[in-house]
1. May I ask you to list the lysines whose Cα is less than 21 Å away from that of residue 73, ignoring any residue fewer than eight positions away on the same chain?
2. At 1.567 mPa s and 4 °C, plugging the Kirkwood radius over alpha-carbon pairs of the stretch 110-168 into Stokes-Einstein gives what diffusion coefficient in µm²/s?
3. Taking a quarter of the surface of the convex hull around the Cα atoms of the stretch 83-134, what do you get in nm²?
4. Using amide H atoms built in the peptide plane, which far-off residues or other-chain residues are under 5 Å from residue 82 H to H?
5. For the stretch 14-59, report the translational diffusion coefficient in µm²/s to the nearest whole number, using Stokes-Einstein at 10 °C, 1.306 mPa s, and a Kirkwood Rh over Cα pairs.
6. Considering the values (i) 1, 7, 15, 18, 17, 12, 7, 4, 3, 2, 3, 3, 3, 2, 2, 1, 1, 0, 0; (ii) 1, 6, 9, 12, 11, 11, 11, 12, 11, 7, 4, 3, 1, 0; (iii) 2, 8, 13, 13, 10, 9, 8, 8, 8, 7, 6, 4, 2, 1, 1, 0, 0, 0, which represents P(r) over Cα pairs in 5 Å bins from 0, in percent as calculated for the structure under consideration?
7. Considering only protein heavy atoms and a probe of 1.4 Å, how much of the accessible area of the stretch 22-168 is carbon and sulfur, as a whole percent?
8. Apply the Karplus parameterisation 6.51 cos²θ - 1.76 cosθ + 1.60, with θ equal to phi minus 60°, to every residue of the stretch 103-113 and state each ³J(HN,Hα) to the nearest whole Hz, in sequence, with x for glycine and proline.
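The values are calculated or read from the model by the stated rules, or taken from the named source; none is laboratory data. Please read all numbers here as calculations on a predicted model, not as lab measurements. Glycine also receives a Cβ, built like all others from the backbone with ideal geometry; neighbour counts cover every protein chain displayed. Ligands, DNA and RNA are excluded from the accessible area calculation, which covers all protein heavy atoms including side chains. Shrake-Rupley method; radii C 1.70, N 1.55, O 1.52, S 1.80 Å.
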Amino acid sequence: PKGTTVTLQRKSGGKWIAVKSAKTRSAAGAWSVRAAMPAKVGTYSYRAVAAKAGALKASTSPVIKVASQRRPKVTIKASPTTVNAGSRSTFSGTVKPVVKNGGVTVQRLNGQKWVTAGTTRTTAKGTFSVAIPVITSSVFRAVSARIGLNAPGTSANIVVVTNPVIAT
């Protein structure tokens, strides 16, 4: 029922510990909480426990597993940073912590949306490189894919400028 206390619990060792509590918002039992993930990267077990309320018995939800991921550091640079329209610039950078063969997408800002300009994979050292034709001066960034306990990561933005085309 509305107003019932629900406690989010996380398994720690062999014990369940309270993370956060909330009251149900409706007679159907809707509730929500925002809880910080543990700082240590790993997979954690969570459950919700509703206390006895009136004629209703206490209840425990099924256990769900949630991954606490590390945020990778992604860098990108372009060479050259000024090109003739249609010429290629080589985008290279790193993803740390290293994940060999991790997916990297180089994106170009098109108006308000990021669009894929090129894709590549990281080496065993976490580096990547891909040559992409640049048609007009643009803003680019690199985005690493989620792999294992690494969350997706995004680099800072960089600009590649095109030389003006002079028609005669």
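1. 40, 96, 100, 125
2. It comes out at roughly 93 µm²/s.
3. Numbers: hull surface 15.6 nm².
That works out to 3.9 nm², a quarter of the Cα hull's surface.
4. Amide H to amide H, under 5 Å and 5 or more residues apart or across chains, residue 82 pairs with 161.
5. Details: Rh = 12.9 Å.
For these conditions, the coefficient is 123 µm²/s.
6. (iii)
7. Working: 4990 of 9050 Å².
Within the stretch 22-168, the accessible surface is 55 percent carbon and sulfur.
8. The phi angles translate into x, 10, 10, 8, 10, 10, 6, 10, x, 9, 10 Hz.
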